[in-house]
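None of the figures in this text is laboratory data; all of them are computed from the coordinates on show. Please read these numbers as outputs of a predicted model, since none were measured by experiment. Neighbour counts are summed over all protein chains in view; Cβ atoms, including those assigned to glycine, are modelled from backbone coordinates with ideal geometry.
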Amino acid sequence: MSLNDHAKEKFFEILEKLSEDRDETIDKVFTAWLAENVFFLDNEDDIDRCIEVGSSGDWGIDFFHMENNPSKDQYIAWGQAKFSKNFDYVLDRKDFEEFVNTINILEDPPLSSKKALKDISDDFMNSRTRISPKRMYFFFCGKMSEQVEELLNDSEWIAKKKDPDTQWLFYDATKILELIEAPETPSLTIEFTPNVMNVSDNITGKKSLVGYIKASEVARLYSDPVIRNTINNLNLREYQGRTKFNQGIADTLNNDAEKSKFWKFNNGITATCELISDDTNSSTEYRFKNLKIVNGRQTSMTLYKKESLLDDNVTVKIIIHETVDNEERSLISKYTNTQNAIKASDIITNKELITKLAIQFTKFPNWFFETQRGHYNMLDKKSKNKFTKKRRLEKEPMSRKYLAFVGDPYFAIKTRDEELLLVESNFNRIFKDKCPMDFIVSHIFYQLIEEIDEKWKNSSDEKLQKRWPYIHKRIIKFYMLGFIKNSLDNLESSEKENILKNIFDNYDELKTGDEIEQKYLDIVIAAFNEFKVLYSEKNPHETEDYTDDDVKKYLLKYNYFPILQEHKESKMELYPDAILAKLKKVIE
């Protein structure tokens, strides 16, 4: 029996057992098996949540998973799973284009969508700028058609269809079966630098090596195509090419002053093998049977591709565990792939302006300013009940809401995290000479918009159902914030102060599950109505034919906010400021 046939037999045994345990069809448990083995979900509730969306009428999305644990490598993943018992499925252009379009479905679920799809759309839209990358997976028990292969080689077509922050990952029959039984890597020898640490497992007696190797050793191994094509097939992360992380590696190697410190800046490589043999002629050379890199593929592939930049001063950390236990090997792969990705919001944590702002927030005891990512999740239940998620402010999202509120929704939504927070002029624009109320006010109004979003989504009123896809668009929410701020600025300072104090005092006391009074929600409903009227009048050629997606695309293409504001001012006699009227009702 060939390796491939043996893997198929084992694969079907696993699925049949899983089908019996879950009382579901083979094709459904195939998706459950992927959730467990690709996303490392080991809790039945998490698996069920991941594949809940995968039913008929979910527009080609079979699973959705968002890894938002701050202690792990965060990402958003979704995609399709095509099962075929005969492994004869062919990924054609039609299925491929449906797969490509799933990102649009998440951004704009059709009105007929089921609740599961609408819920993951909410998760996606609320997290897409905060969590990256976005990974689109296509698993298929078969092969890819020539048409699809041609499209994947068409850089112009891909540039039109895929954002730089989105990854397409394809697992055909071969790759799926490699998750069951991977082809063996040829035996190989690696030379370490002196002072290798040799550690033995007290239970199994198997050993692990911890040390450093020259980066050129990695490039040497990868120069052998057989090794290159087998050494990574237990690592579920495909090499991603010119990503921010990989470009960072290349930038370090290009810097003569920094590349000798590469071992300090890089997390290194983790691998497993079946046997470690000492070299009797050298204390620094070891031979490995069936070596598999389980973490560090991006590092190792980039070192191979940048071999010309390597010299003897460039070293990389490596840990190799000897194990023949498949379960232990899987656990090593799982837990070494939960490293924390550094984000722009992490880098600014200790900046002086952030520290000052955090001190000022201590005067607002019911509000939680999250200076360190993930800190809120570590609070005890009592503290979480005190703040509630309603009064949790995170640096990056609150920065975008503030910018939208003060009249720049286009910049707020289009700017990437790094430019938004790490470019000094932008950072100062957001945080210099600011106090907590600058961010709290925009946050409260945004939360009121979110409340209406949720109410309309679940409403049985056909009129509200038709409005929901529009208010669900984040760019439209940002425009609404700008309209509210402009109406506030038309008030006398004392009246404005009283209104904002009333809104703050009410929101400051809300508990989890409390209903928000309608008079506050009426403010954002007026802002939504104002946006719809102004947009329709400035785009008469579209009349009622434009869709929520048309509006979103237009607003993301052009900085349209000043134009709508000018139009509003010119029509003030015809259309009195409805937002202003609702704001005044707050203190009547």
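Using Cβ counts within 10 Å as a stand-in for footprinting exposure, how do Leu481, Leu393 rank, fewest first?
Least to most surrounded, the residues fall as Leu393, Leu481.
Which value at 222 nm does the chain reach when only helices count, each DSSP H run of 4 or more adding -39,500 (n - 2.57), with the total divided by all residues and rounded to the nearest 500 deg cm²/dmol?
So the calculated ellipticity at 222 nm is -15000 deg cm²/dmol.
Using +1 at the Cβ of each Lys and Arg and -1 at the Cβ of each Asp and Glu in region 1-98, identify which of Phe87, Phe39, Leu18 lies farthest towards the dipole's positive end.
Positive-end residue among those listed: Phe87.
For Glu258 and Leu556 in the same chain, what is the full-extension length gain: residue separation times 0.36 nm, less their Cα-Cα distance, in nm?
103.4 nm
Enumerate by residue number the GluC sites (Glu not before Pro) in region 468-541 meeting two conditions: DSSP loop (anything except H, G, I, E, B), and at most 14 other Cβ atoms within 10 Å of the site's Cβ.
Loop-located and lightly packed - Glu492, Glu509, Glu515, Glu517.
Calculate, in nm to one decimal, what Cys435 and Lys356 gain on full extension: separation in residues at 0.36 nm each, minus their alpha carbon distance.
27.5 nm
Evaluate the charge dipole of region 188-336 about its Cα centre and quote only its size in Debye, nearest 20, assuming +1 on the Cβ of each Lys and Arg and -1 on the Cβ of each Asp and Glu.
My answer is approximately 520 debye.
Need one number: % antiparallel among DSSP beta bridges in the chain, to the nearest 5.
Approximately 55 percent, going by the DSSP bridge assignments.
Around Met144, which amide H atoms from residues at least 5 apart in sequence, or from another chain, sit under 5 Å from its own amide H, with H modelled in the peptide plane?
It is Leu91, by chain and number.
What ranking of Lys553, Lys485 emerges when the number of other C-beta atoms within 10 Å of each C-beta is taken as an exposure proxy, fewest first?
The most exposed by this proxy come first: Lys553, Lys485.
Lysines near Lys85 by alpha-carbon distance under 21 Å, same-chain residues fewer than 8 away left out - which ones?
By straight Cα distance, Lys85 reaches Lys8, Lys10, Lys17, Lys28, Lys143, Lys175.
Under the Karplus relation 6.51 cos²θ - 1.76 cosθ + 1.60, θ = phi - 60°, what is the ordered set of whole-Hz ³J(HN,Hα) values for region 422-428, x standing for Gly and Pro?
So the J values, rounded to whole Hz, are 9, 6, 4, 5, 6, 4, 5.
Quick one: Karplus J couplings for region 126-136, per residue in order, coefficients 6.51, -1.76, 1.60, θ = phi - 60°, nearest Hz, x for Gly and Pro?
6, 10, 5, 8, 8, 10, 8, x, 9, 10, 9
Multiplying the sequence separation of Asn126 and Ser308 by 0.36 nm and subtracting their Cα-Cα distance, what value in nm do you get?
Length gained, Asn126 through Ser308: 61.2 nm.
Take the residue pairs Lys466/Lys532; Lys401/Lys496; Lys343/Lys557; Lys162/Lys466 and return only those whose Cα atoms are more than 23 Å apart.
Lys343/Lys557; Lys162/Lys466
For a quick check: sort Ile525, Ile203 by the number of other beta carbons within 10 angstrom, fewest at the front.
So the ranking, lowest neighbour count to highest, is Ile203, Ile525.
Quick one: dipole size for region 257-412, taken about the Cα centre, charges +1 on Lys/Arg Cβ and -1 on Asp/Glu Cβ, in debye to the nearest 20.
For this selection, approximately 1420 debye.
Between the helical axis of 326-336 and the dominant principal axis of the chain, each derived from Cα atoms, what acute angle in degrees is found, rounded to the nearest 10?
40
In whole Hz, with x marking every Gly and Pro, tabulate ³J(HN,Hα) for region 198-205 from phi via Karplus 6.51 cos²θ - 1.76 cosθ + 1.60, θ = phi - 60°.
Listing the rounded values in order: 10, 10, 9, 6, 5, 8, 8, x Hz.
Going by alpha carbons, how many degrees (0 to 90, nearest 10) lie between the helix axis of 3-22 and the longest principal axis of the chain?
40
Label 7 Å along Cα→Cβ of Lys384; region 32-50 residues with amide nitrogen under 15 Å?
It comes to no residues whatsoever.
Placing unit charges on C-beta atoms (Lys and Arg positive, Asp and Glu negative, everything else neutral), compute the dipole magnitude of the chain about its Cα centre in debye, rounded to 20.
So the dipole magnitude of the chain works out to roughly 1700 debye.
How far apart, in nm, are two points set 7 Å out from the Cα along the Cα-to-Cβ line at Asn428 and at Ile26?
6.6
What residues qualify as long-range amide H neighbours of Lys206, i.e. H under 5 Å apart, gap of 5 or more or another chain, H built at 1.01 Å from N?
Asp201
Compute the long axis of helix 352-361 from its Cα atoms, compare it with the longest principal axis of the Cα atoms of the chain, and write down the angle in degrees, 0 to 90, nearest 10.
Between the helix axis and the principal axis of the chain, the angle is about 60 degrees.
Loop only per DSSP, at most 11 neighbouring Cβ atoms within 10 Å: give me the trypsin sites (Lys or Arg not before Pro) in region 414-472, ordered by residue number.
Sites meeting the loop and neighbour criteria: Lys432.
Starting from the amide H of Ser187, placed 1.01 Å from N in the peptide plane, find each other amide H under 5 Å away whose residue is 5 or more places distant or on another chain.
Counting only residues 5 or more places away or on other chains, the set is Asn290.
From the Cα trace of region 3-178, what convex hull volume per residue do you get, rounded to a whole Å³?
129
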